[in-house]
Structures are given as C-alpha cells and as structure tokens.
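Q: Mind having a look at this structure? Questions to follow.
The values are calculated or read from the model by the stated rules, or taken from the named source; none is laboratory data. Keep in mind that what you see is a predicted model, and the values were worked out from it rather than measured. Every residue, glycine among them, receives a Cβ derived from its backbone with ideal geometry; neighbour counts consider all protein chains shown.
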Amino acid sequence: SVISLFLVICVAMMRRITNFYYRNVHDSKFNLLMYSGFLAFIVFQTFINLGMNLGVLPVTGITLPFVSYGGSSLITCMIGLALLPP
C-alpha cells in the first residue's frame, strides 16, 4: 500500500509537470523545474530505500520519504512539498 501511494504521488506530479511544460508562461518554467526537482528527490530516495530493504542495493542511510522516522528527513520532505506551487 505504501508503494502504491508513492506511485499515486509520482503520477500526480508527472501530470503537473506535463501541464507546466505545455504552458508558454514564464512562471511555468520555474514551476516545471520545482516539480521536476522534487519528483527526482522523491523517486531517488524511494528507489534506494526499497532496494536496500529488498537486499538488492547496499545499505546506506537514506530514509523512505514521508514514512521513515527521522526529524531532518521528514521536515525536508514536508517543506519541499509545501514549497511546490499550486
């Protein structure tokens, strides 16, 4: 269920990215970069963490976004999500 929620978040962000990509407004380019960066951040951390838990990748200290307990990781994800434009 957690993996499916991450897929829902990623699909929603990809829809927003394609929406910003096809606009011709100057502000949409900045929004496109903001969403692309945050999506890359979430996908990278999720991929690495799931790979570690499955035993496919070496163990590192990367947490699962929005799930793993850790003050700085959770705060970083929440602030990043809050800074995304509507």
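Q: List pairs: first residue in the stretch 15-36 and in contact (Cβ under 8 Å) with a residue 60 or more places away in the chain, second residue surrounded by fewer than 17 Cβ atoms within 10 Å (Cβ to Cβ) anywhere in the structure, Cβ distance under 6 angstrom, at least six positions apart or on different chains.
A: If the second residue must be surrounded by fewer than 17 Cβ atoms within 10 Å (Cβ to Cβ), no pairs are left.
Q: Kindly list, by first and then second residue, each pair from a residue in the stretch 62-86 that is without any contact (Cβ under 8 Å) to a residue 12 or more places away in the chain to a residue that is in a loop (DSSP other than H, G, I, E, B), limited to pairs with Cβ atoms under 6 Å and residues at least 6 apart or on different chains.
A: From the stretch 62-86, the pairs are 70/63; 73/63.
Q: Suppose we keep only residues that are of a type in the set (Ser, Thr, Tyr) and surrounded by 10 or more Cβ atoms within 10 Å (Cβ to Cβ) within the stretch 20-43. Which one would you say is modelled with the lowest pLDDT?
A: Only one residue tops the list, namely 28.
Q: Okay, next question. Specify which of the listed residues (63, 46) is closer than 17 Å to residue 3 by Cα and either in a loop (DSSP other than H, G, I, E, B) or touching a Ser or Thr at 6+ places or on another chain (Cβ under 6 Å) (or both).
A: After ruling out the rest, the residue left standing is 63.
Q: While we're here: Checking the structure you have, find out if any residue of the stretch 44-55 is loosely packed, with under 15 Cβ neighbours inside 10 Å, touching a helix residue (DSSP H, G or I) at 6+ places or on another chain (Cβ under 9 Å) and not basic (Lys, Arg).
A: No: zero hits.
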